[in-house]
1. Looking only at residues in region 154-176 that are surrounded by 13 or more Cβ atoms within 10 Å (Cβ to Cβ) and more than 17 Å from GLU16 (Cα to Cα), which one is modelled with the lowest pLDDT?
2. I'd like the residue in region 136-150 that is in contact (Cβ under 8 Å) with a residue 12 or more places away in the chain and of a type outside the set (Gly, Ala, Ser) and, out of all such residues, is farthest from ARG171 (Cα to Cα).
3. Among the residues in region 161-172, are any out of contact with any Phe, Trp or Tyr (no Cβ under 6 Å at 6 or more places or on another chain) and under 21 Å from LEU123 (Cα atoms)?
4. Hey, SER114 hits all of (1) part of a loop (DSSP other than H, G, I, E, B); (2) surrounded by 13 or more Cβ atoms within 10 Å (Cβ to Cβ); (3) free of Cβ contacts under 8 Å to residues at least 40 places away in the same chain; (4) under 16 Å from the mean Cα position of the chain (by Cα) but one; which does it fall short on?
5. Go over the candidates THR190, THR100, THR134, THR127 one by one and state the one that is loosely packed, with under 13 Cβ neighbours inside 10 Å, modelled with pLDDT of 95 or more and under 20 Å from TYR11 (Cα atoms).
6. Tell me, which strands (runs of 3 or more DSSP E) lie completely within region 7-75 with 1 or more residues that are among the small types (Gly, Ala, Ser)?
7. Return yes or no: is THR134 of a type outside the set (Asp, Glu), under 18 Å from the mean Cα position of the chain (by Cα) and under 26 Å from LEU181 (Cβ atoms)?
Amino acid sequence: MQPYFFPYIGYFQLIEAVDLFIIYDNIKYTKKGWINRNRFLRNGADFVFTVPLRNDSDFLDIKDRTLSGDFDRAKLVNKLREAYRRAPYFHEAFPAVEKTVMSPVENLFEYVRSSIKAVCDYLGIGTRIVVSSTIAVEGALKGEERVLALCKATGANDYVNAIGGIELYSREEFKAHGLNLKFLKSKAVTYEQFGDPFVPSLSIIDVMMFNAVPKIKEFLESGYELV
């Protein structure tokens, strides 16, 4: 999977559902993606925040991109603090968020990966996470061929992807390589947000601010189905 900065809860459902989670660092950065941006709750609506990057070649991999020297980490922390300071689990969850945002790391991949690790640590997710560039596969492989090569290199029997990949991969092709292909389909996850109409599909930060860890674990373990 691509790395995302404090991704939505479905990302962590996928991590929780597998024995080994591979996170890509040696794929191209895409400006229109969500690698370095996400949404949080602000005044009852979704608000997009972005981690700015240094101007560089559009052909660089994620691991070769760098955060902008003008990135005001404290400003983002203050926005998140003001948005969630009245949330029921703010005092439990915010320190992990603040520490991650304030990290001096400049490399995009390492900065984004640190947000995923921080959430896994907070929620007690013990799944082994491996960086794609550390696995010996042919670098020129793309899409389904790359996934199959990664599965072979790691000795996998099953491959689980987010439901969005259902149009990208062939069950027959995976079966031909001795692999069971499954897709994780998240159920609707809802909870109280200051008594206002629920705003879905926000960063995991929102989930952490409004729910106790045991409740979030319920979302992770039973809030999806494999199809």
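1. Looking at residues that are surrounded by 13 or more Cβ atoms within 10 Å (Cβ to Cβ) and more than 17 Å from GLU16 (Cα to Cα), I get GLY165.
2. Out of the qualifying residues, it is VAL137.
3. So far as region 161-172 goes, yes, one or more of its residues are out of contact with any Phe, Trp or Tyr (no Cβ under 6 Å at 6 or more places or on another chain) and under 21 Å from LEU123 (Cα atoms).
4. (1)
5. THR190
6. Per the criteria, 45-50.
7. no
Residue-wise test of (1) at positive phi; (2) touching a Leu at 6+ places or on another chain (Cβ under 9 Å); (3) of a type in the set (A, V, I, L, M).
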| site | (1), (2), (3) |
| --- | --- |
| ASP19 | no, no, no |
| ILE27 | no, no, yes |
| THR30 | no, no, no |
| GLY33 | no, no, no |
| ARG39 | no, yes, no |
| VAL51 | no, yes, yes |
| THR66 | no, yes, no |
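The values are calculated or read from the model by the stated rules, or taken from the named source; none is laboratory data. Quick caveat: nothing in here was measured; it's all calculated off a predicted structure. So basically every Cβ, Gly included, is an ideal-geometry build from the backbone, and we count neighbours across all protein chains shown.
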